[in-house]
Amino acid sequence: MGRTPGRGIGRHRTYFARELGPKSFGGFFLLLSVVQFANRVPHGFGGARQKRLAEARTSNEELLGLTLGISIASGLLATIVTDVGRHPLVSYTGIPNAASLAIVLFVGLALFLPLQFLLAGTGKFGVTNWIDLLREVTKTVFQSVLVLLGLSVLGMTIGFTVATVLCIPIIFYFLGIRPSIPTRATVRSVWDYAKFNVPSNIVGKAYTRFDVFFLGWIGLTAAVGYYEIALSLTALATLISNVVMDGLISKISNLTSRNRSISEMVTSTISYTSMLSIPMFVIVAFFGEIIIGTVYGADYVAAVPFLLGIALYRIIQTQREPLVSAVKGMGSPDAIFRISSITVTVNFILGVILVLSISAIGVIIATIIAETLRCLLLHRALRQNNTIVPVLPDPLRAQFRSAAGMAVIMAGLTRVLPTTLQSKILVGTIGVVTYVACLLLQDGLARRSLVSVGLTVNELLTDGKTRDQTTS
């Protein structure tokens with residue numbers, strides 16, 4: 001949901017990582033991962049309601065009433081379950097008051113995320129992104145102040161929840177409707193989709209956060225911290241895929257309901273969703289240790305292999321996310337559930353084997369293999385629905401060729417230039433310029449898009465000068 005703008009601010013984690021240290025920092029995100037996993041039930045129902053809202057066959061007011069009812073019921077159930085499992089949760093996360101913090105985090109997310117789904121279902125994708133940006137900024141400010149006051153993990157939790165809850169009235173404002181009691185027909189319509197979407201979300205979250213869960217299970221809480229900073233440093237790689245992901249569900253759902261082809265839309269989407277993640281992997285491959293040491297300090301140097309592995313994972317992830325949205329938009333949550341079940345099983349088996357035989361980095365290797373399998377299975381699911389999407393569209397091939405040229409240039413410059421920070425920055429800058437230049441030479445659409453942006457900027461500047469002259 002509308003996560004992208006906030007990810008650009010992900011670097012605030014640098015401060016928290018330094019202040020809390022690997023163990024407490026990892027402990028908080030381990031707890032947050034557990035809460036997000038538990039939130040898959042209201043989250044899955046939220047996705048089902050977004051799907052029905054996009055089809056415009058159900059009352060928005062009834063969907064809002066159903067959303068609030070499920071969120072409140074989920075919060076009450078989570079409170080009871082968390083209280084019962086208080087001691088195992090403390091032992092697992094290493095946080096003394098983990099149960100209380102988990103309840104606070106869960107209730108905030110159980111209310112916020114399903115409402116964001118509803119807002120996205122109305123077609124206001126830009127609004128959801130800006131709301132998430134506001135939430136991220138507010139969360140960062142609150143957490144920074146509270147951690148500075150010495151509240152540590154408690155401060156992180158309070159800041160996260162307060163920022164989340166403060167955004168809920170804004171969502172209600174943009175929805176512009178009042179909740180009403182849903183009819184049986186509305187409940188049945190949502191349930192027909194949710195009965196597959198909820199378990200699919202549960203299995204999917206178990207898959208995407210398996211690495212963190214497994215590292216926590218074997219007691220490597222500090223490794224969770226390394227994993228999280230690797231995710232944070234590479235967050236920009238998912239900028240494009242996250243912008244299009246939720247909007248794609250609604251667009252494809254609408255096209256499918258009118259028996260229109262979606263092949264062209266999906267192909268054009270995956271052609272460019274990895275445009276940032278591919279060059280980012282090259283940068284990390286050359287300068288991962290310098291980046292970690294400069295941003296997070298010596299305590300996190302052990303995170304370098306995690307950073308390289310996550311950077312590679314981001315390339316596959318940015319291909320997988322639009323494919324998931326496409327299959328969901330076609331009304332096939334059962335296919336998503338089957339694919340997620342297969343890949344989480346593969347991920348678990350490989351993860352256990354590789355961690356025991358190599359080290360903690362084995363979980364990332366297992367995830368990369370499982371993620372690749374998931375992409376291939378999603379392509380197969382699309383083909384079974386008469387939607388042919390190439391695995392490597394021409395623009396994507398061009399991006400890989402451009403990245404290869406970028407790597408060659410950077411390798412040559414690294415050999416001849418001195419090993420100073422200034423030289424590394426210069427090499428990285430030239431590498432990025434090389435990537436962009438090579439891509440523009442190969443990709444006509446990219447060239448036209450750049451020209452279009454340039455003309456727009458020039459027009460804005462010209463209009464501004466004209467207004468200034470008129471005013472004078």
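The values are calculated or read from the model by the stated rules, or taken from the named source; none is laboratory data. Given the structure is predicted, the values throughout are model-derived calculations rather than measurements. Positions of Cβ are generated from backbone atoms using ideal geometry, with glycine treated the same way; all protein chains shown enter the neighbour counts.
Out of all the residues in segment 245-260, which are among the polar types (S, T, N, Q) and touching a residue at least 40 places away in the same chain (Cβ under 8 Å)?
Result: SER250, SER253, ASN254, THR256, SER257.
Would you call ARG188 in a helix (DSSP H, G or I), charged (D, E, K, R) and closer than 22 Å to ARG49 by Cβ?
yes
Could you please let me know if ILE388 is assigned to a helix (DSSP H, G or I) and surrounded by fewer than 18 Cβ atoms within 10 Å (Cβ to Cβ)? When the stated conditions are applied, ILE388 does not pass them. Here PRO418, PRO395 are screened, and the one residue that is modelled with pLDDT under 95 and surrounded by 14 or more Cβ atoms within 10 Å (Cβ to Cβ) is PRO395. Taking the numbered list (1) surrounded by fewer than 24 Cβ atoms within 10 Å (Cβ to Cβ); (2) farther than 21 Å from THR238 by Cα in turn, PRO305 passes all entries but (2).
One line per residue, one yes/no per condition, for (1) crowded, with 21+ Cβ neighbours inside 10 Å; (2) closer than 19 Å to THR387 by Cα:
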| residue | (1), (2) |
| --- | --- |
| ARG314 | yes, no |
| ALA335 | yes, yes |
| ILE342 | no, no |
| VAL355 | yes, no |
| THR367 | yes, no |
| ALA370 | yes, no |
| ARG374 | yes, yes |
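Just one of GLY85, GLY75, GLY44, GLY69 is of a type outside the set (A, V, I, L, M, F, W, C), at pLDDT below 90 and either farther than 30 Å from GLY293 by Cβ or in the same structural domain as SER250 (by TED's automatic domain parsing) (or both); which is it?
Residue meeting the stated conditions: GLY44.
Of the residues that make up segment 257-267, is at least one among the basic types (Lys, Arg), at pLDDT below 80, more than 23 Å from THR343 (Cα to Cα) and in the same structural domain as GLU289 (by TED's automatic domain parsing)? Yes, segment 257-267 contains a residue that is among the basic types (Lys, Arg), at pLDDT below 80, more than 23 Å from THR343 (Cα to Cα) and in the same structural domain as GLU289 (by TED's automatic domain parsing).
When you look at THR4, is it more than 19 Å from SER189 (Cβ to Cβ), among the hydroxyl-bearing types (Ser, Thr, Tyr) and at pLDDT below 90, yes or no? The answer is yes for THR4. One residue alone among GLY150, GLY225, GLY219 is assigned by TED's automatic domain parsing to the domain that holds GLY94 and crowded, with 17+ Cβ neighbours inside 10 Å, and that residue is GLY225. Pull up segment 84-104, narrow it to residues that are outside any helix (DSSP H, G or I) and not polar (S, T, N, Q), then point me to the one that is surrounded by the most Cβ atoms within 10 Å (Cβ to Cβ). Filtering first and then ranking leaves ILE95. Scanning segment 331-374 for residues that are within 28 Å of PHE400 (Cβ to Cβ) and not in a helix (DSSP H, G or I) yields ILE358, ILE361. Checking each residue in segment 105-115 for being free of Cβ contacts under 8 Å to residues at least 60 places away in the same chain, surrounded by fewer than 24 Cβ atoms within 10 Å (Cβ to Cβ) and hydrophobic (A, V, I, L, M, F, W, C) picks out VAL107, LEU111. Pairs meeting the criteria (first residue in segment 414-429 and assigned to a loop (DSSP other than H, G, I, E, B), second residue aliphatic (A, V, I, L, M), beta carbons under 8 Å, at least 6 apart or on different chains) are LEU417/LEU426; LEU417/VAL427.
If you check THR164 against the conditions, is it in contact (Cβ under 8 Å) with a residue 40 or more places away in the chain, farther than 28 Å from LYS328 by Cα and crowded, with 19+ Cβ neighbours inside 10 Å?
For THR164, the condition - in contact (Cβ under 8 Å) with a residue 40 or more places away in the chain, farther than 28 Å from LYS328 by Cα and crowded, with 19+ Cβ neighbours inside 10 Å - is not met.
The set of residues in segment 17-28 that are modelled with pLDDT under 90 and hydrophobic (A, V, I, L, M, F, W, C) comprises ALA17, LEU20, PHE25. Determine whether segment 195-214 contains at least one residue that is touching a residue at least 12 places away in the same chain (Cβ under 8 Å), farther than 30 Å from ILE364 by Cβ and not basic (Lys, Arg). No, segment 195-214 has no match at all.
Working carefully through the options LEU133, LEU111, LEU118, LEU175, find the one that is within 18 Å of the chain's Cα centre (by Cα) and closer than 30 Å to SER253 by Cα.
LEU133
Restricting the first member to segment 118-133 and to residues that are farther than 16 Å from ILE177 by Cα, and the second to residues that are of a type in the set (D, E, K, R) and crowded, with 18+ Cβ neighbours inside 10 Å, the beta-carbon pairs closer than 6 Å and six or more apart or on different chains are ASP132/ARG3.
Here's the yes/no breakdown for (1) over 26 Å from the mean Cα position of the chain (by Cα); (2) among the hydroxyl-bearing types (Ser, Thr, Tyr):
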{"residue": "SER74", "(1), (2)": "no, yes"}
{"residue": "VAL84", "(1), (2)": "yes, no"}
{"residue": "THR93", "(1), (2)": "no, yes"}
{"residue": "ASN97", "(1), (2)": "yes, no"}
{"residue": "ILE103", "(1), (2)": "no, no"}
